[in-house]
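See structure below.
The values are calculated or read from the model by the stated rules, or taken from the named source; none is laboratory data. Quick caveat, the model's predicted, so the values are computed rather than measured. No Cβ is skipped: glycine too gets one built from the backbone with ideal geometry, and neighbour counts run over all protein chains shown. Protein only, heavy atoms only, side chains kept; ligands, DNA and RNA dropped before computing areas. Shrake-Rupley method; radii C 1.70, N 1.55, O 1.52, S 1.80 Å.
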Amino acid sequence: MQMPHVAAFDDWDGPQQILVVLAHPDDPEFFCGATLARWTAAGHQVTYLLLTCGDKGTKDISLAGEKLCSLRQAEQKAAAAVLGVETVHFLNHPDGYLQADLNLRREITRVIRQVRPNILVTCDPTTYFLGDSHINHADHRAAGQAALDAVYPAARDHLYFPELWLEEKLEPHAVREVWICGTLSPSVSVDVTDTWEIKIQALREHKTQIGDPQALAERMRSRRTPGSSAQSPRYQETFRRIKLP
Ligand SMILES: [Zn+2]
């Protein structure tokens with residue numbers, strides 16, 4: 001993918017609080033794991049909020065419901081730890097049926113006001129197709145929409161979900177930047193060559209999802225930045241970066 005420009009991405013002033021809001025266990029690692037590893041290595045604090053349990057992510061008929069849910073939560077925590085992410089919140093909505101409704105927006109708003117991130121990472125709710133061979137999962141679209149609607153204006157303004165403020169004493173909070181992955185219109189490309197192997201290592205923790213780990217590693221290593229060679233590969237993750245006033 002050709003970027004309009006390669007931005008200096010970690011031009012922040014000091015350590016940042018970063019909240020990653022995505023639909024399924026394994027989404028953070030697949031979508032932006034190498035960037036997250038780079039951020040934690042630079043001293044930023046990264047927290048996950050996973051909206052579903054991932055309880056439909058199998059073709060194994062002996063695995064279902066709560067059993068798969070708890071397996072995937074354990075896998076997610078292990079993968080997060082590989083990337084240097086200590087805290088993982090789960091909302092445990094049923095996989096596959098996520099709705100960007102007011103309830104979900106309120107739940108994300110609550111966590112934004114608790115974690116108080118400077119930077120929020122989510123995925124693009126407008127992405128229906130990825131290339132010519134993938135339909136984007138409906139949960140990804142719902143997650144992106146609910147997260148963006150929670151950032152602005154719900155988390156920021158006290159009159160949205162006033163019960164959070166009045167009853168739970170959660171002060172409004174303004175997120176400064178949103179980084180949107182899984183987008184067809186990225187504005188920044190992060191060079192993640194140095195942390196690509198850590199991403200692969202984290203993905204290996206999602207044992208119920210990845211099949212043969214060696215095949216996964218080879219597939220991931222083949223996803224080089226266009227123009228880089230197999231002898232000297234480079235890797236990138238791309239985002240649309242929105243700086244809020
Ligand atoms: Zn997913």
Sort out which residues of region 178-211 are at pLDDT below 95, closer than 17 Å to ASP26 by Cβ and part of a loop (DSSP other than H, G, I, E, B), and write them in order of number. GLY211
If the Cβ limit is 6 Å and pairs must be 6+ apart or interchain, which residue in region 77-90 that is within 20 Å of ILE200 (Cβ to Cβ) pairs with which residue that is of a type in the set (Lys, Arg) and open to solvent by 60 Å² or more (accessible area, probe 1.4 Å)? VAL88/LYS77
Give region 53-64 a look and list any residue that's within 25 Å of ALA147 (Cα to Cα) and either open to solvent by less than 30 Å² (accessible area, probe 1.4 Å) or without any contact (Cβ under 8 Å) to a residue 24 or more places away in the chain (or both), or say none. CYS53, GLY54, GLY57
Identify the single condition in (1) within 13 Å of the ligand (Cβ to nearest atom); (2) touching a Phe, Trp or Tyr at 6+ places or on another chain (Cβ under 6 Å); (3) over 21 Å from LEU203 (Cβ atoms) that LEU98 does not satisfy, given that it satisfies every other one. (2)
Being under 28 Å from CYS69 (Cα atoms) and surrounded by fewer than 18 Cβ atoms within 10 Å (Cβ to Cβ): is that true of GLU218 here? yes
Tell me whether region 233-243 contains one or more residues that are more than 19 Å from THR35 (Cβ to Cβ) and more than 19 Å from the chain's Cα centre (by Cα). no
Of those in region 19-52 that are of a type in the set (Val, Ile, Thr) and surrounded by fewer than 24 Cβ atoms within 10 Å (Cβ to Cβ), the residue nearest to the ligand (Cβ to nearest atom) is THR47
Of all residues making up region 78-95, the number that are buried (at least 17 other Cβ atoms within 10 Å of the Cβ), out of contact with any Pro (no Cβ under 9 Å at 6 or more places or on another chain) and part of a helix (DSSP H, G or I): 1
If you go through region 127-159 one residue at a time, how many are more than 14 Å from the ligand (Cβ to nearest atom), surrounded by 18 or more Cβ atoms within 10 Å (Cβ to Cβ) and in a loop (DSSP other than H, G, I, E, B)? 1
SER70 is checked against (1) within 16 Å of the ligand (Cβ to nearest atom); (2) modelled with pLDDT under 95; (3) of a type outside the set (Phe, Trp, Tyr); (4) assigned to a helix (DSSP H, G or I) and fails just one. What number does that condition carry? (1)
Would you please list the contacts, defined by Cβ atoms under 7 Å and residues six or more apart or on different chains, that run from a residue in region 121-144 that is under 20 Å from VAL178 (Cβ atoms) and in contact (Cβ under 8 Å) with a residue 12 or more places away in the chain to a residue that is β-branched (Val, Ile, Thr) and within 11 Å of the ligand (Cβ to nearest atom)? ASP139/THR52
Kindly indicate whether LEU98 is touching an Asp or Glu at 6+ places or on another chain (Cβ under 6 Å) and part of a strand (DSSP E or B). no
Single residue of ASP149, ASP139, ASP124, ASP95 found to be modelled with pLDDT under 95 and closer than 21 Å to PHE31 by Cα: ASP95
